[in-house]
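Here the structure comes first, spelled out in structure tokens, and everything after it is commentary.
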């Protein structure tokens, strides 16, 4: 199989890698299969045939259509969009920082979103839309703070970005704990529930904004994909090739922050996906390019799979999705560190 192929349309040319395309197609197929299984999972279980019939509006069971379309499909769409957003955000952060640990949950952005949500819940109440907006704005504010702290002589180093992010994240973790301890019990419990990350009771009011936001941000990320790949060669090499290094880095950080804010606002903090999704996608594609689309597809598959594990956990215990991904992420990180000869 050739390393890459080129499609030419007049003056335009598109270079793509067959292995990456096949990997993305395979991941999308797995995602659809997981979605069908999830749509049939619950107190009222449906077979795959019943789910497909309900989706097509040909079901003989009106209850199946109401449950699938009204209750379960919004949850599945939200999970797929959030997973894709986190997977692509992780790919961007890891590329910019040139560090496999450069994901939004490792460098403080997700913790910053949690701070905004906790403040909103404790001081003003747990109205869902307000909490989501507070989380998104706080995520962006945290990213701006990390970006400014990492700035040194009008240049932002990837290593410095990760270190500053970890420091800000640790500080905000302490702030979050203090807020939870100081608040009254009811609001503290509400905040703790949000911090667990959840796909429970997701409706079209969550799914539609997540899908629209993703549709708007992905083209921006793809527009900078080639520049992002050249940045991995080093700032000096990229600059010699005509890449505006700092402008490109700023644009991609803003894009990744937007994806992170979108995901966190929809479900609360979700660990592991942004960390592992891009790395697994890169291993499957075996490509030097930044795994933007494949990372997004892998992120969606991972979150859908984690949701299935949560819903089918033994003893009927329906775990919050954030707890499930956190457990999986911890195990993955330990495995990654154990096999890395440099650690």
Residue 212 and residue 151 label points (each 7 Å along its Cα→Cβ direction) are spaced in nm at 3.2 nm
Per residue, how big is the convex hull around the C-alpha atoms of region 48-193? Give it to me in cubic angstrom, could you?
144 Å³
Mean shadow area (nm²) of the C-alpha convex hull around the chain is 20.4 nm²
Starting from the exponent 0.38 and prefactor 2.2 Å, build the expected Rg for region 140-210 from its residue count and divide its actual Cα Rg by it.
1.51
Note to self, the chain gives a 222 nm [θ] from helices alone (DSSP H runs n ≥ 4, -39500 (n - 2.57) apiece, / all residues, nearest 500) of -23500 deg cm²/dmol
Please report the relative contact order for region 24-338, taking Cα pairs under 8 Å with a sequence separation of at least 6, and give it as a percent rounded to a whole number.
31 percent
Sorted by packing (mean other beta-carbon atoms within 10 Å per residue), highest first, where do 22-32, 73-83 land?
73-83, 22-32
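Per 0.36 nm of contour for each residue apart, how much would the distance between residue 337 and residue 43 grow if the chain were fully extended, relative to their Cα-Cα spacing?
The span from residue 337 to residue 43 would gain 101.9 nm if fully extended.
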Segments 255-262, 132-139 sorted - mean Cβ within 10 Å per residue, highest first:
255-262, 132-139
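Sort 233, 63, 254 by Cβ crowding within 10 Å, fewest neighbours at the top.
Final ranking by Cβ density, sparse to dense: 63, 233, 254.
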Neighbour-count order for 272, 313, 109, 46, fewest beta carbons within 10 angstrom listed first:
313, 46, 272, 109
Can you sort 97, 205, 183 by how many other beta carbons sit within 10 Å, fewest first?
205, 183, 97
What does the extension gain come out to for residue 192 and residue 30, with contour length at 0.36 nm per residue minus their alpha carbon separation?
55.1 nm
Assuming R0 = 30 Å, what is the FRET efficiency of residue 144 and residue 185, from their Cβ-Cβ distance, to the nearest 0.05?
0.35
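Extension gain residue 236-residue 127, at 0.36 nm per residue separation less the Cα-Cα distance, in nm? Mind showing how you got there, number by number?
Numbers: separation 109, 0.36 × 109 = 39.24 nm, distance 4.83 nm.
So the extension gain works out to 34.4 nm.
All of the numbers you see were taken from the coordinates with simple rules; none came from a lab. Not measured: the values here are computed from a predicted model. We place every Cβ from the backbone using ideal geometry, glycine too, and count neighbours over all the protein chains shown.
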